[in-house]
1. Scan the stretch 86-95 and tell me whether some residue there is at negative phi, aromatic (Phe, Trp, Tyr) and under 16 Å from the mean Cα position of the chain (by Cα).
2. Residues being charged (D, E, K, R), without any contact (Cβ under 8 Å) to a residue 40 or more places away in the chain and within 15 Å of the ligand (Cβ to nearest atom): count how many of those fall in the stretch 76-101.
3. From GLU31, GLU27, grab the single residue that is surrounded by fewer than 23 Cβ atoms within 10 Å (Cβ to Cβ), within 16 Å of the ligand (Cβ to nearest atom) and among the acidic types (Asp, Glu).
4. Do we find a residue being of a type in the set (Asp, Glu) and either in contact with a helix residue (DSSP H, G or I) (Cβ under 8 Å, 6 or more places away or on another chain) or over 30 Å from VAL369 (Cα atoms) (or both) anywhere in the stretch 257-276?
5. Somewhere in the stretch 161-168, is a residue in a helix (DSSP H, G or I) and within 16 Å of the ligand (Cβ to nearest atom)?
6. Of everything in the stretch 102-117 that's among the β-branched types (Val, Ile, Thr) and without any contact (Cβ under 8 Å) to a residue 40 or more places away in the chain, which residue is nearest to ARG150 (Cα to Cα)?
7. Listed residues GLU140, GLU114, GLU177; which is closer than 25 Å to ASP262 by Cβ, over 12 Å from the mean Cα position of the chain (by Cα) and either in the same structural domain as LYS227 (by TED's automatic domain parsing) or more than 16 Å from the ligand (Cβ to nearest atom) (or both)?
8. Of everything in the stretch 63-75 that's among the hydrophobic types (A, V, I, L, M, F, W, C) and more than 28 Å from the chain's Cα centre (by Cα), which residue is nearest to the ligand (Cβ to nearest atom)?
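The values are calculated or read from the model by the stated rules, or taken from the named source; none is laboratory data. Everything numeric in this text was worked out from a predicted model, so none of it was measured. In this analysis, Cβ positions are derived from the backbone assuming ideal geometry, glycine residues included, and neighbour counts consider all displayed protein chains.
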Amino acid sequence: MKYQIADAKKLVVKIGSSLIVNNSTGEIHREWLQSFIHDIVQCWRRGQNIIIVSSGAIPLGRRHLKLKNRVLQLEEKQAAAAVGQIKLAHVYQEMLAEHGITGAQILLTLDDSENRRRYLNAKNTLETLLNLRAIPVINENDTVATAEIRFGDNDRLAARVAQMIGADHLVLLSDIEGLYTANPQLNSKATLIREVTQLTPDILAMASDSITQYGSGGMVTKLAAAKIAFSSGCKMVIAAGKHFNPLMRIDSVSEHTWFIPDTTPANARKNWIAQHLKPKGNIVIDAGAVTALFQGKSLLSVGVKAIQGEFHKGDAVCILNLEQKEIARGLINYAAHAAEKIKGLHSSEFEKILGYSAGEEMIHRDNLVLNRSENK
Ligand code: GLU
């Protein structure tokens, strides 16, 4: 196969409700889930970082609460999610533990991916869990997410998570093989598109044609996820999940739709820092620090001469040389008032001066974009 799950370093896998919850009984589809977890374990054993985004809380809780088959009010959905989520978390924990793996539950809202401080907290927690070799299992925090702050669908939630952690592969497992040229149930000439490299108007039109057929998430939310994945340099695949071992199957058959961006997560991130974030302040650094940056190093506080402007931890700032020329941009690990106190000092003193340390780098090299024209 041209593209493979086996090539992923950081992999986000989203599974839809219809796969995990048996439609007629409202129970967890245990046999299927076991085979899915088996695939996840295989990826984990070969050293891949994996995050699962799992739906299913609402249908599971709805059944348990005996809420009849009708359209639920938002509060009823939230109540159902509260009941269903605990069941969902339990089954993941139990099935991962059978393989000696730690599962970790994270519930997110749209707000957590848009508010800078909450975004950084969620990102740091996810990265820490991955470093500890745990497998995060994510769902939307349906119980607190009111209409305005809801994703409402886990396709976009999964894409945001992939973007947040710089994942290189995103898998959307659902009840269809992928994107078709037209609705395959209505049009016998409809064909599966195997590779998409751009979200052209034609591609977007194909999705709207198939809305009703594909249930709640539908193709529209999958293309919204693809848009996020493209902008983050993350490859994405839509694949049929109903088979057993659905992840391993992706690498052995070719009936899926792959979305292939023309950039990598690292470059997409640098582009975002350089082009899309408004710098909130300046960091003036000495000549030694300039040389270190152009050698690919992080910015340490010892080389920092002055702090200008008001900014928070995680904000974008310009890095200036002593002639006040911008030589780079980056995301800073310290707020302006803290940066002011530690400028010129070695990281061993941070704890004493600030009462904490947010790492020895003032700006990590992964969060730095150099202005190459200033490198003489
Ligand atoms: N968060 C919802 C649930 O757990 C699912 C949303 C979706 O399937 O896209 O039921």
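1. Within the stretch 86-95, none of the residues are at negative phi, aromatic (Phe, Trp, Tyr) and under 16 Å from the mean Cα position of the chain (by Cα).
2. Of the residues in the stretch 76-101, 1 are charged (D, E, K, R), without any contact (Cβ under 8 Å) to a residue 40 or more places away in the chain and within 15 Å of the ligand (Cβ to nearest atom).
3. Within the list GLU31, GLU27, the selection yields GLU27.
4. no
5. yes
6. Across the stretch 102-117, the extreme among qualifying residues is ILE106.
7. Working: GLU140 fails: closer than 25 Å to ASP262 by Cβ; GLU114 fails: closer than 25 Å to ASP262 by Cβ.
Answer to the selection: GLU177.
8. Residue satisfying both the conditions and the ranking: LEU72.
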